[in-house]
Amino acid sequence: MAGETGLFTVQQTIGSVLCCKCGIPMAPNAANMCVKCLCSEVDITEGLQKQLTIMHCPDCESYLQPPRTWIKAQLESKELLTFCIKRLKNLNKVKLLHAEFVWTEPHSKRIKVKLKVQKEVLHGAILEQSYVVEYVVQDHLCESCSRVQANPDQWVASVQLRQHVPHRRTFFFLEQLILKHSAAANAIRIKQMDQGIDFFFSNRSHGVKFVEFIGKVAPIRSRQDKQLVSHDSKSNVHNYKHTFSVELSPICREDLICLPPKVAVSLGNIGPLVICTKVTNSVALLDPLTLRHCFLDAEQYWRTSFKPLLTSRQLVEYIVLDIENVSTEVNVSGSKYILADAQIARVSDFGRNDTIFNIRTHLGHILNPGDYALGYDLYRANSNDMELEKYKGLQLPEAILIKKSYEEKRQRKRGKPRSWKLKSLEMEVDDKDQGRAEQDKMHSEYEQFLRDLEENPDLRFNISLYRNREYQPSEMTDGEDGPSVPLEELLADLDLSGGDGDNGMHE
């Protein structure tokens with residue numbers, strides 16, 4: 001601008017003055033001292049804490065925020081840095097600019113934090129200074145952990161999961177969901193019961209949180225009770241034991257259901273014979289004769305609480321003699337179905353009679369002549385279902401197919417280990433109460449659960465499957481030996497202890 005008007009500007013120079021203490025040249029400031037002399041004269045960290053003792057619970061990795069709050073934080077995490085800064089007193093007298101951890105040996109029981117602060121000093125001069133605060137870590141069990149150490153059975157809240165069905169397929173799936181989401185990380189003990197599992201917690205809030213998790217993955221109804229353990233009349237302190245009774249819906253995947261008339265009308269006159277295709281916090285139902293589908297939430301179900309007409313333990317094996325598609329592909333809640341007319345016969349009838357059934361099925365997309373399928377034999381079934389009797393004049397189909405059977409192909413792989421495995425919860429199992437027949441039944445149901453995971457990709461969507469280190473692929477390709485889990489779905493098992501967890505919602 002000055003050049004355009006023909007004027008010129010004089011370049012300004014900043015003069016230097018001598019420090020009044022040491023005499024070196026420096027830029028002028030309000031105190032007329034260099035930074036080194038100013039720091040020697042004024043210490044802005046004076047009165048600030050340089051050392052502090054904090055309490056740490058080694059069992060639950062939490063730190064005590066006085067007076068009684070325990071905060072969980074990992075080493076060198078943002079949460080721990082915030083906790084350490086908040087514990088310092090008189091820090092409001094200066095302006096905090098930066099904070100970071102100084103590395104220390106993990107076993108040294110010392111945490112060091114380097115702080116950079118700023119403060120106005122002599123005659124308006126602003127001074128910045130860094131200093132290190134040392135935190136001495138003392139191990140001290142929190143209230144819940146000390147109670148557990150004193151007596152592991154001294155629980156405060158227990159969650160009793162129950163499902164009144166003759167199998168444990170639902171609990172096998174629930175176990176995997178609990179492991180993946182670490183829902184039972186606060187449980188001090190887990191015990192396997194006859195028709196369910198008991199979880200014991202040292203805090204009522206942990207039990208409430210666990211019940212909320214189960215309600216998000218399964219249709220449940222629950223009730224809460226409490227029992228007075230002790231009472232201090234002087235301090236008015238009451239100690240209770242809380243029990244949460246949680247009942248899972250008896251409706252499981254692949255069950256055949258006869259809907260009550262009122263429920264069928266409320267769902268758009270679907271059915272009344274429907275198949276349960278999926279169970280989460282709601283029940284997915286499919287009419288195999290029309291491909292109509294709907295969802296029944298937990299509140300709607302428990303309002304009527306009907307039971308299945310036939311369960312997966314009553315499946316019968318059929319052979320498909322002929323099949324012809326009668327509709328196009330329909331996508332139902334992520335699964336594809338095609339309506340087809342099929343000609344089937346019971347495998348057990350081969351060599352005895354020539355009974356053949358002509359039925360309609362929703363499995364036209366996967367069944368071909370010569371395939372085997374599992375279904376419900378309504379031709380010979382003797383059902384005493386009260387809901388079925390309410391439909392007068394209802395003509396039942398002779399059979400309803402549920403899924404394709406791969407039993408013949410699995411015979412080729414019998415005895416071979418799988419390329420994947422599941423982990424299991426550390427549950428207490430009383431083997432004395434279980435006979436040989438009960439153990440064989442449990443093993444058979446678990447094997448069937450593993451087969452369901454291989455056959456159904458939707459079922460293993462929310463489950464963590466791990467690579468089996470003991471698996472050695474054979475030289476022969478077995479791509480046609482039945483369904484299997486792709487290698488890209490498997491996770492590496494990072495078990496530093498060398499122990500393998502071998503076991504494994506749901507329905």
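Take every Cα pair under 8 Å in the range 355-462 that's 6+ residues apart, average their separations, divide by the length, and report that relative contact order as a whole percent.
On the way: 53 pairs, mean separation 28.7, N = 108.
Reported relative contact order: 27 percent.
Counting only Cα atoms, the range 188-247 measures 44, 22, 17 Å along its principal axes, largest extent leading.
The mean sequence distance of close C-alpha pairs (under 8 Å, at least 6 residues apart), as a share of the length of the range 221-358, puts its relative contact order at 16 percent. The mean accessible area for residues of the range 38-120, using a 1.4 Å probe and ignoring ligands and nucleic acids, is 65 Å² per residue. Computed over the Cα atoms of the range 175-277, pair by distinct pair, the Kirkwood hydrodynamic radius stands at 16.8 angstrom.
At a probe radius of 1.4 angstrom, the accessible area of the range 228-279 per residue rounds to 44 square angstrom. With K and R counted +1 and D and E -1, the other residues having a Cβ less than 15 Å from that of Pro106 yield a net charge of -1.
Electrostatic tally near Gln138: other residues with Cβ closer than 15 Å to its Cβ, Lys and Arg +1, Asp and Glu -1, net -1.
Around Tyr391, with a cut-off of 13 angstrom between Cβ atoms, what is the net charge of the other residues, counting Lys and Arg +1 and Asp and Glu -1? Every neighbour counted, the sum reads 0.
With distances taken between every two different alpha-carbon atoms, the chain has a Kirkwood hydrodynamic radius of 29.3 Å.
Computed over the range 266-348, the Cα gyration tensor eigenvalues convert (square root of 5λ each) into semi-axes of 26, 17, 11 Å, ordered from largest to smallest. Residue pairs exceeding 27 angstrom between C-alpha atoms, taken from Lys36/Lys116; Lys336/Lys409; Lys89/Lys234: Lys89/Lys234.
One compactness figure for the range 14-70 is 2.17, namely its Cα radius of gyration divided by 2.2 N^0.38 Å.
If I compute solvent accessible area with a 1.4 Å probe over the protein chains, what percent of it on the chain is carbon and sulfur? Carbon and sulfur together cover 48 percent of it. Among the listed pairs Lys93/Lys209; Lys226/Lys278; Lys216/Lys262; Lys78/Lys119, a Cα-Cα separation exceeding 30 Å is found for Lys93/Lys209; Lys226/Lys278.
Rounded to two decimals, what is Rg over Rh for the range 289-412 when you use alpha-carbon atoms and the Kirkwood radius?
0.99
The values are calculated or read from the model by the stated rules, or taken from the named source; none is laboratory data. None of the values given here were measured: they were computed from a predicted structure. Note that each Cβ is placed from the backbone with ideal geometry, even for glycine, and that neighbours are counted across all protein chains shown. These area figures cover heavy atoms from the full protein model, side chains too; ligands, DNA and RNA do not enter into them. Shrake-Rupley method; radii C 1.70, N 1.55, O 1.52, S 1.80 Å.
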